[in-house]
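Each value in this text was obtained by applying a stated rule to the coordinates, not by laboratory testing. Nothing here was measured: the structure is a model prediction, and the numbers come from that model. Counting neighbours? That spans all protein chains shown, and the Cβs are built from the backbone with ideal geometry, glycine included.
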Amino acid sequence: MSLMHKIYSTLFLLSAITFNVHADSLPNHMKDASELTSSIVKAARPNVLLCVLPSTSGADTGDVIGKVTPGNEPGSFVCEYTQLINGVAMGPYVTTDFQWLNATYEQLASWLTSLAHIEKSDKGHYYVLRCSEHHPDHPPAICAQSTSGKGFEFGYETVSGNGHKSCGEFVGAVYTSPFFDVALAGWNECTGKTFSPDCHQCNGDGCGAFHCSAFTTWDQCPKGSHVCGYQTCVGNLCSQKRICEWDK
């Protein structure tokens, strides 16, 4: 059984393990590529969605992960991944045959804390999804680093010659923390009249010095508008300021 099959049956189907009482109400958060749309990707921003390659006959690719990126055709998406073979990076490659993780930061925090192994590294702690039958000749174990100022970054666990473990072979999939600014997610596609919604637990503009904190939150863009960008706030300790644009 591949590692990702283990993840499907444990991490993303918690009801079968720890929350049996809610077994009928918890959905499977791994979705097929055919279910991914431009509106879903936009709504997930600034998250960069995790994608997983399915296992195929004659090749166990179920441990290969990547990030969802736009495809060549308008409105299409692919999984961009780098396969590690005996520690050597092969790629990057892209495929249209993948599944993607439809989850929030809070859901991941709950699931990882409950089910994943916690390891220590020089960057703090990270979560590793290691099943009992994982062997050294298998692809590296999948891990999620809780990175201050970002959120959960997905990658592969590495082990140095002296046995030092780390989660550092990141694939670019990031599920951002609502409590920190996300440096890599400062995107802006605004073309019309913009504004920011109300902030909470904030002062002034909710973004400048002494005007915000890690606990500052922003309302959703109101009906008739959409998120077109985020503003990076002072100190990398505040939530990003949501930028709204009126629909045309």
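Using 0.36 nm per residue of separation minus the Cα-Cα distance, give me the extension gain between Glu35 and Gln231 in nm, one decimal. Let's see the in-between values first.
Numbers: separation 196, 0.36 × 196 = 70.56 nm, distance 2.96 nm.
Difference between extended and current length: 67.6 nm.
Can you tell me the length gained on complete extension of the stretch Phe215 to Glu189, counting 0.36 nm per residue apart and subtracting the Cα distance?
Working: separation 26, 0.36 × 26 = 9.36 nm, distance 2.58 nm.
Stretched fully, the Phe215-Glu189 segment lengthens by 6.8 nm.
With Rg and the Kirkwood Rh both taken from Cα atoms, where does Rg over Rh land for segment 190-247? Walk me through the numbers on the way to the answer.
Working: Rg = 11.2 Å, Rh = 11.4 Å.
We get a ratio of 0.98 for segment 190-247.
For labels at Ser76 and Val159 in the simple 7 Å Cα→Cβ model, what's the distance in nm?
Those two pseudo-labels are separated by 4.0 nm.
What is the spin-label model distance, in nm, from His200 to Thr113 if the labels are put 7 Å beyond Cα along the C-beta direction?
1.9 nm
Asp122 to Thr69: FRET efficiency via 1/(1 + (r/R0)^6), r the Cβ-Cβ distance, R0 35 Å, to the nearest 0.05? Could you put the intermediate results ahead of the total?
On the way: r = 29 Å, r/R0 = 0.84.
With a Förster radius of 35 Å, E is 0.75.
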